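Have a look at the structure below before the remarks.
The values are calculated or read from the model by the stated rules, or taken from the named source; none is laboratory data. What you see is a predicted model; the values in this text were computed from it and never measured. Cβ coordinates were reconstructed from backbone atoms using ideal geometry, including for glycine residues, and neighbour counts include every protein chain displayed.
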Amino acid sequence: MGLGYALTEELPCVDGMPVTFKLRDLGVLRARDMPEVDVILVEEPEPEGPCGAKGVGEIGLVPTAGAVAGALEAFDGVRRYTLPMKDSPAARAISVGKIPTKTQRRSRSKWMERRESWR
């Protein structure tokens, strides 16, 4: 989630409606685009939580975009200030997040209209 937010995920809308509903176009990362992750499990029960549980899963997402921006700057010397960082070498290497242009969307719509008329 954090890497997708930093590199490829976006939800552009026109008149309040998303321009696409395909996860691939929205930039949601696939498993093959993820680096290997080492999970370090720390078990320390929370007396206030149900069955000793505590929720800390998404707190790790907060610094991810900044860490990715810093790593990319170290890699290519370009400081990026907007998200997603689609202009980065890392984002270009990922197979998702290619939202069609207005012209491509229009031609898809015309194709869909023709296809519907054939039925």
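Applying the selection to segment 58-94, what residues are in contact with a helix residue (DSSP H, G or I) (Cβ under 8 Å, 6 or more places away or on another chain), assigned to a helix (DSSP H, G or I) and farther than 25 Å from VAL42 by Cβ?
Hits for segment 58-94 are ALA69, LEU72, PHE75, ASP76, PRO89, ALA90, ALA91.
Can you name the residue in segment 32-57 that is farther than 20 Å from LEU11 by Cα and assigned to a helix (DSSP H, G or I) and is also modelled with the highest pLDDT among such residues? Quick ask: steps written out before the conclusion?
Initial filter on segment 32-57 (farther than 20 Å from LEU11 by Cα): 32, 34-57.
If we keep only those that are assigned to a helix (DSSP H, G or I) as well, we get 32, 50-52.
Details: ARG32: 85, PRO50: 81, CYS51: 80, GLY52: 76.
Going through the qualifying residues, I end up with ARG32.
Output the residues belonging to segment 5-24 that are closer than 17 Å to LYS86 by Cα, at pLDDT 85 or above and in contact with a Lys or Arg (Cβ under 9 Å, 6 or more places away or on another chain). Lay out the reasoning, then the answer.
First pass over segment 5-24, keeping only residues closer than 17 Å to LYS86 by Cα: 5-12, 23-24.
Next cut, at pLDDT 85 or above only: 5-12.
Residues satisfying the conditions are LEU7, THR8, GLU10.
This table checks each residue for (1) in contact (Cβ under 8 Å) with a residue 12 or more places away in the chain; (2) loosely packed, with under 15 Cβ neighbours inside 10 Å.
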residue	(1), (2)
LYS54	no, yes
GLY60	yes, yes
ASP76	yes, yes
LYS86	yes, no
PRO89	yes, yes
